[in-house]
Amino acid sequence: ETGVTQSPTHLIKTRGQQVTLRCSSQSGHNTVSWYQQALGQGPQFIFQYYREEENGRGNFPPRFSGLQFPNYSSELNVNALELDDSALYLCASSPNTGAGANVLTFGAGSRLTVL
Amino acid sequence: AQRVTQPEKLLSVFKGAPVELKCNYSYSGSPELFWYVQYSRQRLQLLLRHISRESIKGFTADLNKGETSFHLKKPFAQEEDSAMYYCAPRSGRGGGNKLTFGTGTQLKVEL
């Protein structure tokens, strides 16, 4: 059983650029959610994907968007990067039924630095 | 607005001493409460959830709806308990995986 894998692990962008972060969910998990963790803060919910559709969103602007693919993997896209977007981006997967429903398995994260 | 408060950024205790990590929440409806933990150089992972009513690694957490608290407790701290702990309520029905994480408490267990 493989866990949640994220890529890239680190990246540096400049203001105004666009970034795509990728996530492969744990085997058997069909729901993916994304969180942003700024330095010294707890993770903040960005959005969740289930059945290739967004089905929950936190307080993030539309320039944060995502996709989920038939194999349940997911992408997070951020357009027009701002300095405050510098953070660790965490992907988490879970099954949507059974005892493990709503229990998140986290990836190691992608650390984004915006200069 | 949904809010969760972990008042201590850092909690330092001696090995064998009791531990209590505080968590208070302000949430509409009946949230489900979780504690997640991050050990050094490891991923964020579930420690326990209130509906399971389990003791994990000697930790327990009781949901007090009157005080809207979900404090994490362990009677005797061990060195391997040193980690960052996050309290995270989840909205009830229809809440999906939207957890509201607190700012976390760094627990340091000293010998």
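We did not get these values from a lab; they are worked out from the coordinates using the rules stated. The structure displayed is predicted, hence computed values, not measured ones. Every residue, glycine among them, receives a Cβ derived from its backbone with ideal geometry; neighbour counts consider all protein chains shown.
For residue B:9, which aspartates and glutamates qualify as cross-link partners when the Cα separation must be under 19 Å and same-chain residues fewer than eight apart are set aside?
B:20, B:79, B:80, B:81, B:110
What does the convex hull of the alpha-carbon atoms of the range A:24-115 project to on average, in nm²?
Hull-based average projected area comes out at 6.0 nm².
Enumerate the amide H contacts of residue B:48 below 5 Å, restricted to partners 5 or more residues apart or on another chain; note that Pro and chain-start residues carry no placed amide H.
B:35
Taking DSSP loops as anything outside H, G, I, E and B, show the longest stretch in chain B free of trypsin sites (Lys or Arg not before Pro) there with at most 11 other beta carbons within 10 Å.
B:10-40
Using only the alpha-carbon atoms, what does chain B span along each of its principal axes? Please give whole angstrom values in decreasing order.
Principal extents (largest minus smallest coordinate, Cα): 44, 30, 24 Å.
In whole Hz, with x marking every Gly and Pro, tabulate ³J(HN,Hα) for the range B:24-33 from phi via Karplus 6.51 cos²θ - 1.76 cosθ + 1.60, θ = phi - 60°.
Calculated HN-Hα couplings, in order: 10, 10, 10, 8, 7, x, 10, x, 9, 10 Hz.
Using a Debye calculation, one point per C-alpha and no hydration shell, please list log10 I(q)/I(0) for the protein assembly as shown at q = 0.08, 0.15, 0.16, 0.17 Å⁻¹ in order.
So the normalised log intensities work out to -0.29, -1.00, -1.12, -1.24.
With a cap of 16 neighbouring Cβ atoms within 10 Å, and only residues DSSP puts in a loop, list the GluC sites (Glu not before Pro) found in the range A:50-111.
A:52, A:82
³J(HN,Hα) across the range A:32-43 via Karplus (A = 6.51, B = -1.76, C = 1.60, θ = phi - 60°), whole Hz, x for Gly/Pro?
Using θ = phi - 60°, the values come out as 10, 10, 10, 10, 10, 10, 7, 4, x, 10, x, x Hz.
Can you give the local net charge around residue B:70? Use residues other than it whose beta-carbon is closer than 11 angstrom to its beta-carbon, Lys and Arg +1, Asp and Glu -1. Kindly include the intermediate steps, with their values, before the conclusion.
Details: positive: B:22, B:49, B:65, B:73; negative: B:32, B:62, B:67.
Here the charged neighbours net out to +1.
Of the GluC sites (Glu not before Pro) in the range B:44-96, which ones lie in a loop per DSSP and count no more than 14 other C-beta atoms within 10 Å? Display every interim value, and only then the final one.
Working: sites: B:54, B:67, B:79, B:80; in loops: B:54, B:67.
Listed in order of number, the matching sites are B:54, B:67.
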